[in-house]
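Below is one structure; the comments refer to it alone.
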């Protein structure tokens, strides 16, 4: 965990100097023929289609034999394969550029960075210039927390005036949105909400302890991460729980970042035991009406409830992780986890099952979802785990199409970029994934990647395998730089 915190503190440092721009030459036209197009709009799949890509965009799409192939184009016979939009992981923390190709290799062509810094803005520029292989990025501010923040390096706000100043500051620094966190005081939170609306910058993140999920939705919080505040808001004793929690937090010993688990156990038990279907129904209707997006990050919720499961520690994807990340995933060194008992893990699994149920209830109420994983937290792997998240969304009650849309169409709508991203349609940016099996039959087929198209450039299966091999070697040596192109 110390190494993880050191990575987070890098965000406060200036970006490293950039190399002189050396953009990749514009690729020739790319044509995919005889492919089944799953455009993610909700329309039926279109078999035997041809997709023409020129200048990084889809310039033609129609029945094979009825679409002209540009002279000199790279033609790929995709018979028996399925084309979907590039995927987005909408909750990511990552600080090592050499491992960014893991996203691309897994068909994740875009990410929302939930603790942004100057290095992420530097990466975005390098990716756009073709100097670094990685996904498109929506970049948040550093975490905004209260006067005694949970994470070192957070921006601290203590009152309404500081909250308003914070909004202006992070907008000037180029953040795409403000990331709010647990310990923001109530008056500071509502000042941030008001000032963000005035200055035209979204805010998203956790529901602070001092605010209810209903209030956060009404205040205009654009997305709620990890279902924070949702179970509590469905409790018949919501106000009592919040008051008690605040009392516990207000008496933290100096130097301690979170309360001891012994103090939180009764609260967590009360929240589960006092669930109200009526309160849940009213809340979910409010979230749907306010268009408050949910990014439940079921992957991290499941993982954090299962860290006592030996199978998790044998995950073969660990071979692609740098050593400092692997070390940080040891619960014994994580300040959030080191005092957990077997009973705590069992209770966490009970809570996770309830959270899966809530996602299904919210889906039926019309709440909008984003697929996100919380990459860099334990066993949340860049790229790989987005497919875990899609499977968990289906397990929670979404259809395979709805889960796919949570990683394609919905992120585009969330970002206001629906005209250029999120679906396979003429005029859209050519970020695409070619699969060997239909994800609408089984969402697990999203893992069966044959090729990835990034900004019009095709990465074939052999190239993807080479990419993964280089990253595995870099993880072993902790020294190579597979992200450079």
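The values are calculated or read from the model by the stated rules, or taken from the named source; none is laboratory data. The structure displayed is predicted, hence computed values, not measured ones. Glycine gets a Cβ as well: all are built from the backbone with ideal geometry, and neighbour counts include every protein chain shown.
Tabulated data for the structure shown
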{"quantity": "Only one of 178, 127, 155, 139 that is in contact with a strand residue (DSSP E or B) (Cβ under 7 Å, 6 or more places away or on another chain), without any contact (Cβ under 8 Å) to a residue 60 or more places away in the chain, over 29 Å from residue 250 (Cα atoms) and buried (at least 16 other Cβ atoms within 10 Å of the Cβ)", "calculated": "139"}
{"quantity": "Hey, residue 373 within 19 Å of residue 107 (Cα to Cα), under 18 Å from the mean Cα position of the chain (by Cα) and not in a helix (DSSP H, G or I) or not", "calculated": "yes"}
{"quantity": "Only listed residue being in contact (Cβ under 8 Å) with a residue 40 or more places away in the chain, closer than 22 Å to residue 264 by Cβ and touching a strand residue (DSSP E or B) at 6+ places or on another chain (Cβ under 6 Å), chosen from 367, 300", "calculated": "300"}
{"quantity": "Some residue of the stretch 451-468 being in contact (Cβ under 8 Å) with a residue 12 or more places away in the chain, touching a strand residue (DSSP E or B) at 6+ places or on another chain (Cβ under 6 Å), part of a loop (DSSP other than H, G, I, E, B) and within 24 Å of residue 44 (Cβ to Cβ)", "calculated": "no"}
{"quantity": "Strands (runs of 3 or more DSSP E) completely within the stretch 1-116 that count 2 or more residues being within 30 Å of residue 300 (Cα to Cα), at pLDDT 95 or above and touching a helix residue (DSSP H, G or I) at 6+ places or on another chain (Cβ under 7 Å)", "calculated": "87-92, 108-113"}
{"quantity": "Filter pass, residue 417 being within 20 Å of the chain's Cα centre (by Cα) and either crowded, with 24+ Cβ neighbours inside 10 Å or part of a loop (DSSP other than H, G, I, E, B) (or both)", "calculated": "yes"}
{"quantity": "Which listed residue, of 393, 361, 404, 356, is part of a helix (DSSP H, G or I), touching a residue at least 24 places away in the same chain (Cβ under 8 Å) and under 20 Å from residue 83 (Cβ atoms)", "calculated": "404"}
{"quantity": "Test: residue in the stretch 190-198 that is in contact with a helix residue (DSSP H, G or I) (Cβ under 6 Å, 6 or more places away or on another chain), buried (at least 23 other Cβ atoms within 10 Å of the Cβ) and touching a residue at least 40 places away in the same chain (Cβ under 8 Å)", "calculated": "yes"}
{"quantity": "Helices (runs of 4 or more DSSP H) completely within the stretch 229-300 that count 2 or more residues being under 19 Å from residue 337 (Cβ atoms)", "calculated": "238-250, 261-273"}
